[in-house]
Amino acid sequence: MSVILILIITSIVVAIVFLTAFLWAVKSGQYDDTYAPSVRVLFDDENKKEANDDK
């Protein structure tokens with residue numbers, strides 16, 4: 001029975017740590033730019049081609 005109590009307490013602590021990390025990431029602006037990454041994938045090859053042409 002004590003093992004179940006230890007597992008429950010450990011899972012709650014881990015959940016709180018992940019929630020804190022998520023809230024910190026949101027507060028620091030990690031998820032602010034949702035448009036540019038999707039567009040950057042489309043134009044990534046052109047940027048590399050232009051960089052190689054300049055050399």
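The values are calculated or read from the model by the stated rules, or taken from the named source; none is laboratory data. Just so you know, these numbers come straight off a predicted model, no measurement behind them. Ligands, DNA and RNA are stripped out before the accessible areas are found, and what is left, the full protein with its side chains, is counted by its heavy atoms. Shrake-Rupley method; radii C 1.70, N 1.55, O 1.52, S 1.80 Å.
Looking at (1) at pLDDT below 95; (2) part of a helix (DSSP H, G or I), which is the one condition that is false for ALA15?
Among (1) at pLDDT below 95; (2) part of a helix (DSSP H, G or I), ALA15 violates only (1).
So which of LYS48, LYS27 is open to solvent by 100 Å² or more (accessible area, probe 1.4 Å), of a type outside the set (Val, Ile, Thr), modelled with pLDDT under 75 and on the phi < 0 side of the Ramachandran plot?
LYS48
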